[in-house]
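Okay, so here's the structure we're looking at.
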Amino acid sequence: MRRRLPQLSAGLASLALVGSVVGAAAQPSADAGLEAVPATTVAPVVHAQPAPDRLRDEQRQVREAAAEKRAAEEAAAEKEAAAATKAEEAKKAEETKVEEAKAEEAKKAEEAAEVAAARDDRASRDAARPGLDPDDLGAEAGQRYASTGLNVRSTPSTTGEVVDVLETGTQVTITDRTSAGFRQIDRDGRAGWVSEEYLTKDEPKTSGSSGGSGSPSGGACSSGSGVESGLQPNAVAVHRAICHQFPSITSYGGVRADSIPGHPEGRAVDAMIPGYSSSSGNALGWEVARYVRAHASELGVTEVIFDQKIWTIQRSGEGWRTMSNRGGDTANHRDHVHVTVR
């Protein structure tokens, strides 16, 4: 019968533990008469190591993420720099535009100053020129024609006194003296000044069958005595002068009720202009207005109105003056020439 010794059992247990580590239990020899009880085998704890391929994938992903971040940061920086550059260019362009505008304004101001200085210098030279006394006649320089009814003034200025009125087509002798746009003319040995732009070398053509711009006719008109009913003698003369000089005008206005003096007293005549809104109609109206003005002294005319312009004998030196807008074409005298007489 086998016997177990306590001490031997404890030693064998230790031996079994050691044997489990090396993978086998110790076996005593048969001579010892003892048998070792196999111990339970305990597997060692081993930590798993990542496979080489997985490690490489993780490292690649980290590198790619870092590269994408750097690329995004660089793109943002480039975008910000481009925006800053664009803003700077826009600012410079605006500054350049402002500078160019200032330079243009300065240039215009300089040119205007030069023109004004030249005009003043010319006026000073004219004023200081010996013998430019407006009453002294210069040397004869040829013949010219008045292209329209033209004021003759005592001095070369729009403020000079009107001493005569030239009818359209009147031939005059000019002198070599000019000043401020005016030309001196010889009026039978007396000096006069007219606006040079209204003088022509060729005799102008005038409308009307009575020929040129001669003295007003006093014969009866085809427009009939109805128009002349109630008119004063000077108004009758105006009506007949216009109808003979401008036969294309067939409609007239005479006596009528009005809040403004003239028509009610028979001292005003309206010559209605056919096709007044056309350029030719407007030109005809101005021919009539200038004709009547040129013969104002003969016809006893005190006022002529046409195309929102007025001329009066009292302010004849001012020429045609613009009137305020009264509304329609009739109120503004665009469709007729209005003539008032003494």
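The values are calculated or read from the model by the stated rules, or taken from the named source; none is laboratory data. On a predicted model such as this, the values are computed, not experimentally measured, just so you know. All Cβ positions, even for glycine, are placed from backbone atoms using ideal geometry, and neighbour counts span all protein chains on display.
Which one of GLY253, GLY230 is farther than 21 Å from ASN332 by Cβ and surrounded by fewer than 22 Cβ atoms within 10 Å (Cβ to Cβ)? It would help to see each step written out before you state the result.
Values: GLY253 fails: farther than 21 Å from ASN332 by Cβ.
Of the residues listed, the single one that is farther than 21 Å from ASN332 by Cβ and surrounded by fewer than 22 Cβ atoms within 10 Å (Cβ to Cβ) is GLY230.
Identify the residue in the range 146-173 that is more than 39 Å from the chain's Cα centre (by Cα) and hydroxyl-bearing (Ser, Thr, Tyr) and, among all such residues, is surrounded by the most Cβ atoms within 10 Å (Cβ to Cβ).
Going through the qualifying residues, I end up with THR170.
Return the pairs, sorted by first residue and then second, in which the second residue is polar (S, T, N, Q) and at pLDDT 95 or above, the first residue lies in the range 262-289 and is outside the structural domain of THR168 (by TED's automatic domain parsing) and closer than 25 Å to THR302 by Cβ, the beta carbons are less than 7 Å apart, and the residues are 6+ apart or on different chains.
Pairs that qualify, where the first residue is outside the structural domain of THR168 (by TED's automatic domain parsing) and closer than 25 Å to THR302 by Cβ and the partner is polar (S, T, N, Q) and at pLDDT 95 or above, are GLY262/THR340; ARG267/THR340; ALA268/THR340.
Given ALA296, ALA271, ALA289, which one is touching a helix residue (DSSP H, G or I) at 6+ places or on another chain (Cβ under 9 Å), small (Gly, Ala, Ser) and closer than 16 Å to LEU150 by Cα?
Numbers: ALA271 fails: closer than 16 Å to LEU150 by Cα; ALA289 fails: touching a helix residue (DSSP H, G or I) at 6+ places or on another chain (Cβ under 9 Å).
Among ALA296, ALA271, ALA289, only ALA296 is touching a helix residue (DSSP H, G or I) at 6+ places or on another chain (Cβ under 9 Å), small (Gly, Ala, Ser) and closer than 16 Å to LEU150 by Cα.
Of all residues in the range 278-337, which are among the β-branched types (Val, Ile, Thr) and more than 22 Å from HIS263 (Cβ to Cβ)?
Going through the range 278-337, the residues among the β-branched types (Val, Ile, Thr) turn out to be 288, 292, 301-302, 304-305, 310, 312-313, 322, 330, 337.
Within the range 278-337, THR322 is the sole residue that qualifies.
Can you tell me which residues in the range 303-318 are at negative phi and surrounded by 14 or more Cβ atoms within 10 Å (Cβ to Cβ)? Before the answer, list the steps.
If we filter the range 303-318 for residues that are at negative phi, which is where we start, we get 303-306, 309-318.
Once the filter is applied, which keeps residues that are at negative phi and surrounded by 14 or more Cβ atoms within 10 Å (Cβ to Cβ), the range 303-318 yields GLU303, VAL304, ILE305, PHE306, LYS309, ILE310, TRP311, THR312, ILE313, SER316, GLY317, GLU318.
Taking strands (runs of 3 or more DSSP E) that do not extend beyond the range 237-342, which have at least 2 residues that are at pLDDT 90 or above and of a type outside the set (A, V, I, L, M, F, W, C)?
301-306, 309-312, 336-341
Give the number of residues within the range 174-200 that are under 15 Å from SER147 (Cα atoms), touching a residue at least 40 places away in the same chain (Cβ under 8 Å) and not in a strand (DSSP E or B).
Going through the range 174-200 one residue at a time, the tally reaches 1.
All but one of (1) under 24 Å from LEU299 (Cβ atoms); (2) part of a loop (DSSP other than H, G, I, E, B) hold for ASN151, so report the exception by its number.
Tallying (1) under 24 Å from LEU299 (Cβ atoms); (2) part of a loop (DSSP other than H, G, I, E, B), ASN151 fails exactly one: (2).
From ALA30, ALA48, ALA43, which residue is more than 60 Å from the chain's Cα centre (by Cα) and modelled with pLDDT under 55?
On the way: ALA48 fails: modelled with pLDDT under 55; ALA43 fails: modelled with pLDDT under 55.
When all the criteria are applied, what remains is ALA30.
ARG321: closer than 19 Å to VAL165 by Cβ, within 33 Å of the chain's Cα centre (by Cα), surrounded by fewer than 17 Cβ atoms within 10 Å (Cβ to Cβ) and not polar (S, T, N, Q), yes or no? It would help to see each step written out before you state the result.
Details: closer than 19 Å to VAL165 by Cβ: yes; within 33 Å of the chain's Cα centre (by Cα): yes; surrounded by fewer than 17 Cβ atoms within 10 Å (Cβ to Cβ): yes; not polar (S, T, N, Q): yes.
So ARG321 passes the test.
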